[in-house]
Every structure is written in C-alpha cells, then in structure tokens.
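Everything on this sheet refers to the single structure shown next.
Throughout, read-outs are computed from the coordinates displayed, never taken from laboratory work. Since the model is a prediction, treat every value here as computed from it, not as a measurement. Cβ atoms come from the backbone with ideal geometry, glycine included; neighbour counts cover every protein chain shown.
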C-alpha cells in the first residue's frame, strides 16, 4: 500500500518526508501499534538508529506498568519464589 502525503501537509507540519515518516513511526511505536522492527522499517531506519531516536526523544523502549508488575508477582507466587 502506498500513501501520498501532499507537499502542503508536509510544509504545514514543517517536516521533510523523512521526518514525517519518523514522527508517524515514533507515534505508532509509543502507542503500542507497531513493534520496534516495523516502526524502524516505517521510519526507514535501522533498528539501532531507531532505538537511538527513541532515546533522544525520551521514549522508553519497553513499557512496564502496574498490570505487568502484578502479573509478574502472580507468576512468582505460582512458582513458589515469593
């Protein structure tokens, strides 16, 4: 599938085509819609370069929330390690 973004939109956003792809990829990664691999492909960057971009933007590579913590606790209890 191809998507054409008009020059007017790029100009209004003050972004180059490359920057636009990166912004979309960052957003989709941050919201959990794309994996690191797919997001880096969309941004047309290597995974290593995309990870560096995440670091520059203070976007965590992994999210670990309360639900994850509670699930880990539950699993540790089930294994008898707590």
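Scanning segment 19-34 for residues that are assigned to a helix (DSSP H, G or I) and within 8 Å of the chain's Cα centre (by Cα), which turns out surrounded by the fewest Cβ atoms within 10 Å (Cβ to Cβ)? Quick ask: steps written out before the conclusion?
Filtering segment 19-34 for residues assigned to a helix (DSSP H, G or I) gives 19-30.
With the extra rule that they be within 8 Å of the chain's Cα centre (by Cα), the set shrinks to 25-30.
Working: 25: 23, 26: 19, 27: 13, 28: 16, 29: 23, 30: 15.
Looking at the filtered set, the residue picked out is 27.
Within segment 61-78, track down each residue that is assigned to a loop (DSSP other than H, G, I, E, B) and either touching a helix residue (DSSP H, G or I) at 6+ places or on another chain (Cβ under 7 Å) or surrounded by 10 or more Cβ atoms within 10 Å (Cβ to Cβ) (or both). Give the steps one after another, and end with the answer.
At the first step, the residues of segment 61-78 found to be assigned to a loop (DSSP other than H, G, I, E, B) are 61-65.
Selection gives 61 alone.
When you scan segment 38-59, how many residues do you find that are surrounded by 11 or more Cβ atoms within 10 Å (Cβ to Cβ) and assigned to a helix (DSSP H, G or I)?
Summing the residues that are surrounded by 11 or more Cβ atoms within 10 Å (Cβ to Cβ) and assigned to a helix (DSSP H, G or I) in segment 38-59 gives 13.
Any residue in segment 61-82 that is without any contact (Cβ under 8 Å) to a residue 12 or more places away in the chain sitting within a Cβ distance under 8 Å of a residue that is exposed (fewer than 11 other Cβ atoms within 10 Å of the Cβ)? List the pairs, counting only those 6 or more apart or interchain.
If the second residue must be exposed (fewer than 11 other Cβ atoms within 10 Å of the Cβ), the pairs left are 73/82; 76/82.
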